[in-house]
Structures are given as structure tokens and as C-alpha cells.
Amino acid sequence: MREMLYNLAAHQLKESIAKKETTPSKIAENVIERIKTVNAKTNSYI
């Protein structure tokens, strides 16, 4: 589970940098949103 979250955060970080959203608060916001989205999708499958 932890590894999945790390991979998710790394992927979102790459996307944020590509979009030039590089302020720490914006990156954190994007990572949290990504985790929430994946969590919601995962819960809908269970």
C-alpha cells in the first residue's frame, strides 16, 4: 500500500512539473487530489 502511494505521488509530481505547477503547496494539493481520486475509484470496485 505504501509503495502504491509513493508511486502515485511520484507520478503526480511529474505531472505537476510538466504543467509548471511547482509551488510546494500546489504540488501537495495535486498529490492529495490524486490520492483521493484513486481511493474513491478503488472503493467503488470493492
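The values are calculated or read from the model by the stated rules, or taken from the named source; none is laboratory data. Just so it is clear, the structure is predicted and the values come from calculations on it, not from any experiment. Cβ atoms come from the backbone with ideal geometry, glycine included; neighbour counts cover every protein chain shown.
What pairs come up if the first residue lies in the stretch 15-30 and is farther than 18 Å from residue 5 by Cα and without any contact (Cβ under 8 Å) to a residue 24 or more places away in the chain, the second is aliphatic (A, V, I, L, M) and surrounded by 10 or more Cβ atoms within 10 Å (Cβ to Cβ), and their beta carbons are under 8 Å apart, counting only those six or more places apart or on different chains?
21/27
Restricting attention to the stretch 1-42, report how many residues are surrounded by 10 or more Cβ atoms within 10 Å (Cβ to Cβ), at pLDDT 80 or above and among the acidic types (Asp, Glu).
Of the residues in the stretch 1-42, 3 are surrounded by 10 or more Cβ atoms within 10 Å (Cβ to Cβ), at pLDDT 80 or above and among the acidic types (Asp, Glu).
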